[in-house]
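Just below is one structure, and these are the notes that go with it.
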């Protein structure tokens, strides 16, 4: 058993690609070995900006000898068939075996030296590594056939045991030599085997294990901050990125001018992080402090003083820009910024952002004035909506698009607008993802919901629906976010009413134009789409799809109140889990079956209950039916189901005690009538026919 | 204590002279700036056209670069509408290009064991030239000082072989080396005898004021639009007449006029893409005409070379 070391050295690999490259390297290596009949076993994969390394432990010296058996033509087949088989196998006829009239070739393949397999494997890896972007370079690139790599490939170390695995790819020949740190140890170093690789590199200022570098950065940055009485704002993404940019990471703490702290902390953090890859730190008060941690790639001769001074200067220039934007943006009121939205196209079919803002403002105002969003001042909702998108044309958001909303909130507050308005501007994009908080402040809810509904209504009106994996306008997300806003705030919103309002109140006496008629399709496409999303959401919380189906009708048409559909479905799911629920469902199914088989019922039923069991069911229905329908009208579904539950015993007794298909037509008709009343009462609460089982 | 004269950082012009000497000693022909208004050193035909085809090409030059929208009336310490790029093209890209480049930093006084030099991913793309390449922005203590690119395509054509391009931001580098915070405070030249030193501001501050004003406020947009159309037409005439170098001049002209129109704020977002596509067509057309005019010679001299 022998260890194998492979190092593919190149010019600097982008930090963001290194994790993917490690995974692909492992995959390719395992696949190639396995194709050759070798088990790759225990692999260690490392990366630095300048190298990908792989160590395979305990490979055999050679692949196992294998015996391959090929079935040929029947011995009675024409001679051409046999000739063809001999050509294919490279054997002569006397080497074949005749087994029950069929020729068989048994080919013994001797084991192949693992070293040969590795030579081929390396060439295969270099040719097939799926880099997100790759390039050609150097003299070789004069030919179309030249190799590609993420950046120029500069060296290959391939050692099996202590022997070189010979190979030459892209003009690079494998050898024992690699290079250490670019500045600390620029000369060649010779590697003996897999076992001394990491330590030899370490002696030359290269920590090849990316996880070790990550730990140095994580701990070193925290310590640098702590030593100055500060606490690091942890950021694992930055840890990984900096580890991908360094072979010898040295975290260094620097300070910036305290005056910059007047800029919002999110801006400072983003500037430091995105542009410079610095960590930021908090002071003892838990607020952002005027410090940063950069990660150098050298042990500087002066301990890093020059590096810190240089980085501090760059950060200061960046923060000056940010502060300039911050001050510049505030020279105009948000309302003035908003005027520029008329120059930005939202979508060619849906007008400018200013058009969208006006639609959202109208809808938000309506949500407030109708009391759909309770305790919401319509004027504030309108004001917030009108200003919500204004920050899109500010310098700061132009520079950092991810600060949209947040900056608007800051500017609104600085302008002295009411907190409710500033908060709504800040949070109106929420909830952004599944884990994001759902706003609850009334003005925010009104604007956030109106914004998302406007997007849905607009694209649906133009027939731009999400299909399959294609959802370029993120309409599914808009749908789910709308749902979450509605459900978590318990908004009694009819999507029908909202869509009608959005389409504009047309004169009820006037005839609709063809366009208006076409636009009205959103009255069905929107509830369908949202109910689908609701079903998906509910399924995740254990409410089955059929239960949602059973709960989606209201007054004989699709219920456009999603909150009601949700409550009813949840209550129904809970009810069906009880013994009463299960039995009632069984009784319902039996009744529905009998009714189905009975077909059209002819003739009048008897005037009075034929037996006590009939009378008991009638009495129970007389009590339960009005109770259930009253509860449903008030949307107290649990109560409605409790009322239905009172029918369980009488219906069971009815089925036990009487024969529905009585020979007496009048009795039969009476009983079918009772059952129809029973199923009708159940339907009044939920459509049990949709429930499976 | 080191001798002050010895440690005094290079003046702006000495930095350029040092780079000239450095790259000259490595076989580069030292060219002069192209005599047209361009947005970057890449527009010089010594880069654009010469990066195409199989002929080895090693040159270095300074290129004054104009970015009208970056003008700040001389009031911003970092931003200029006119600045210098130092451009090096090595074709085919040598195996030790990074080492050669780092040597040039050392030559102008940057010690890599005192300063943190880093190669940070930055893929380069010029939509108006139909060009792209992979490489890095080179950081010195967190500041971008050079764009380092391996050209993959130019004018929509594969670079065969690939050229390495180094673009130094001279003002930034000088500010770093001289440790000044305002570009106008840079020492352009040193005092010699009775002749006083000249600062960057002495040379360029008034230019920045006047050109910022002209770019943003004064330039006659009708003239610029007409000029764009004329350059476009002339470029196509030159392509048809098989004089691609002359055609390319007109592509450069159109590109700069487009930049000026943008600074005047008369090109809407929707129109912008359209104008860029028109410039790209001119640049691509010129590159194609250049290839067409040269390919016979290329295949003769470099058998096996194909487009």
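The values are calculated or read from the model by the stated rules, or taken from the named source; none is laboratory data. Note that the structure is a prediction, hence the values are computed from the model and not measured. Counting neighbours? That spans all protein chains shown, and the Cβs are built from the backbone with ideal geometry, glycine included.
Structure data summary
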| item | result |
| --- | --- |
| Odd one out for residue A:33 among (1) in contact with a helix residue (DSSP H, G or I) (Cβ under 8 Å, 6 or more places away or on another chain); (2) at pLDDT below 90; (3) not in a strand (DSSP E or B) | (2) |
| Options B:223, B:299: the member that is away from chain A (no Cβ under 14 Å), without any contact (Cβ under 8 Å) to a residue 60 or more places away in the chain, more than 29 Å from residue A:347 (Cα to Cα) and out of contact with any strand residue (DSSP E or B) (no Cβ under 6 Å at 6 or more places or on another chain) | B:223 |
| Residue satisfying all of: in segment B:132-176; away from chain A (no Cβ under 11 Å) and more than 29 Å from residue B:279 (Cβ to Cβ); surrounded by the fewest Cβ atoms within 10 Å (Cβ to Cβ) among these | B:173 |
| Given (1) surrounded by 18 or more Cβ atoms within 10 Å (Cβ to Cβ); (2) in the same structural domain as residue A:652 (by TED's automatic domain parsing), index of the condition residue A:639 fails | (1) |
| Residue selected from segment B:106-125 under the condition within 18 Å of the chain's Cα centre (by Cα) and surrounded by fewer than 19 Cβ atoms within 10 Å (Cβ to Cβ), by the criterion nearest to the other protein chains (Cβ to nearest Cβ) | B:123 |
| Flag for residue B:94 being surrounded by fewer than 22 Cβ atoms within 10 Å (Cβ to Cβ), within 10 Å of another protein chain (Cβ to nearest Cβ), touching a residue at least 24 places away in the same chain (Cβ under 8 Å) and part of a loop (DSSP other than H, G, I, E, B) | yes |
| Test for residue A:11: is it within 14 Å of chain B (Cβ to nearest Cβ), under 16 Å from residue A:150 (Cβ atoms) and touching a helix residue (DSSP H, G or I) at 6+ places or on another chain (Cβ under 9 Å) | yes |
| Residue B:60 being within 22 Å of residue B:148 (Cα to Cα) and either modelled with pLDDT under 95 or not in a loop (DSSP other than H, G, I, E, B) (or both) | yes |
| Qualifying strands (runs of 3 or more DSSP E) (wholly inside segment A:71-167; at least 2 residues being away from chain B (no Cβ under 14 Å) and in contact with a helix residue (DSSP H, G or I) (Cβ under 9 Å, 6 or more places away or on another chain)) | A:102-109, A:153-160 |
| Index of the failed condition, residue A:40 passing every other in (1) more than 24 Å from residue A:151 (Cα to Cα); (2) touching a residue at least 24 places away in the same chain (Cβ under 8 Å); (3) in a loop (DSSP other than H, G, I, E, B) | (2) |
| Contacts under 6 angstrom Cβ, first residue in segment B:106-117 being at positive phi, partner outside any helix (DSSP H, G or I) and surrounded by fewer than 18 Cβ atoms within 10 Å (Cβ to Cβ), 6 or more apart | B:109/B:9 |
| Residue A:530 vs. criteria modelled with pLDDT of 90 or more, farther than 14 Å from residue A:486 by Cα and out of contact with any strand residue (DSSP E or B) (no Cβ under 6 Å at 6 or more places or on another chain) | no |
| Boolean, residue A:331 is outside any helix (DSSP H, G or I) and surrounded by fewer than 18 Cβ atoms within 10 Å (Cβ to Cβ) | yes |
| Filtered residue count, segment A:164-183, keeping only those that are buried (at least 20 other Cβ atoms within 10 Å of the Cβ) and on the phi < 0 side of the Ramachandran plot | 8 |
| From the options A:627, A:574, A:619, A:642, residue that is touching a helix residue (DSSP H, G or I) at 6+ places or on another chain (Cβ under 6 Å), at pLDDT 90 or above and under 26 Å from residue A:655 (Cβ atoms) | A:627 |
| Sole residue being under 24 Å from residue B:101 (Cα atoms), buried (at least 20 other Cβ atoms within 10 Å of the Cβ) and in contact with a helix residue (DSSP H, G or I) (Cβ under 9 Å, 6 or more places away or on another chain), chosen from A:245, A:232 | A:245 |
| Residue check for residue A:523: buried (at least 21 other Cβ atoms within 10 Å of the Cβ) and either in contact (Cβ under 8 Å) with a residue 24 or more places away in the chain or not assigned by TED's automatic domain parsing to the domain that holds residue A:454 (or both) | no |
| Index of the failed condition, residue A:336 passing every other in (1) surrounded by fewer than 18 Cβ atoms within 10 Å (Cβ to Cβ); (2) farther than 28 Å from residue B:141 by Cα; (3) under 29 Å from the mean Cα position of the chain (by Cα) | (3) |
| Residue A:419 vs. criteria at pLDDT below 95, over 15 Å from residue A:451 (Cα atoms) and exposed (fewer than 15 other Cβ atoms within 10 Å of the Cβ) | no |
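One line per residue, one yes/no per condition, for (1) free of Cβ contacts under 8 Å to residues at least 60 places away in the same chain; (2) surrounded by 18 or more Cβ atoms within 10 Å (Cβ to Cβ):
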| site | (1), (2) |
| --- | --- |
| A:400 | no, yes |
| A:408 | no, yes |
| A:414 | no, no |
| A:431 | yes, yes |
| A:471 | yes, no |
